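First the structure, in the form of C-alpha cells, and then the observations on it.
The values are calculated or read from the model by the stated rules, or taken from the named source; none is laboratory data. As the structure is a computational prediction, the values presented were derived from the model and not from experiment. All Cβ positions, even for glycine, are placed from backbone atoms using ideal geometry, and neighbour counts span all protein chains on display. SASA here: full protein model, heavy atoms, side chains in, ligands and nucleic acids out. Shrake-Rupley method; radii C 1.70, N 1.55, O 1.52, S 1.80 Å.
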Amino acid sequence: MLWKSLSDVAGRGAAIVQCVCFMDVFSNHVLQIQQCIGPSMLPTFNIRGDILVTERLSVKLGKIRVGDVVMARSPSDPRMVVCKRILGLEGDTITVIPKGHVWLQGDNFHKSRDSREYGPVPSALLQGRVFYRIWPPQGWGFVGRIPSQSV
C-alpha cells in the first residue's frame, strides 16, 4: 500500500510540474498578462494601471504595425518594461529608423520617456502586442491600432 501512495504522489507531482512548464512556455511564447502603470499612455490607459493581455506571436512573426501598442524592455533600464505605441518601423523617416528597430512613443506626449529621448528601439526588446484590456472592468475590451494616418 505504501508503494501505491508513493506512486500516486509521484504521479501528481509530475502532473504539477508539467502544468507549470506548460504555463511558463505559454506565457513566454503565446499570451501574457502585464500591467501598464504611469502617465505616458494617457488617455488610452489609466495612470494607476490597467491590466492588459499581450500576445507574443505578432512580435515573433514580425507582424507588428504602426499604431500598435506594445510592451517592451526599456532601452534605458532593461529591468523595466514599458508600454508604448509604435509610431515608426524600420525604413520610416520620422528620423531614419535603422533596420531591426522601431520608434516608440507614449500617447501622452508631454509625460512620456520614449524614442524622442532614447532614439530608435531594437525590435529585439519588444515583448508583445497589447490586444485586450481586462482591468478596470469599465474599460474591458480590445485595444485597437490607431491608423497610421492619424498617428
- Could you tell me whether any residue of the range 128-135 is open to solvent by 20 Å² or more (accessible area, probe 1.4 Å) and free of Cβ contacts under 8 Å to residues at least 12 places away in the same chain? no
- Task: Could you please let me know if Arg113 is outside any strand (DSSP E or B) and either of a type in the set (D, E, K, R) or open to solvent by 70 Å² or more (accessible area, probe 1.4 Å) (or both)?
- Result: yes
- Message: Here's a check for you: in the range 35-67, which residue that is basic (Lys, Arg) and under 13 Å from the mean Cα position of the chain (by Cα) is modelled with the lowest pLDDT?
- Response: Lys60
- Message: Consider the range 54-72. How many of its residues are closer than 12 Å to Gln105 by Cα and outside any loop (DSSP other than H, G, I, E, B)?
- Response: 4
- Task: Go through the range 116-138 residue by residue and tally those that are out of contact with any helix residue (DSSP H, G or I) (no Cβ under 8 Å at 6 or more places or on another chain), within 24 Å of Leu57 (Cβ to Cβ) and not aromatic (Phe, Trp, Tyr).
- Result: 6
- Item | Count of residues meeting criterion [among the β-branched types (Val, Ile, Thr) and over 23 Å from Ile47 (Cβ atoms)] in the range 73-120 | 6
- Message: When the residues of the range 82-110 are narrowed to those that are small (Gly, Ala, Ser), part of a loop (DSSP other than H, G, I, E, B) and open to solvent by less than 40 Å² (accessible area, probe 1.4 Å), which ends up farthest from Leu52 (Cα to Cα)?
- Response: Gly100
- Note on the structure: For Ser27, the lone unmet condition from (1) free of Cβ contacts under 8 Å to residues at least 60 places away in the same chain; (2) open to solvent by 40 Å² or more (accessible area, probe 1.4 Å) is (2)
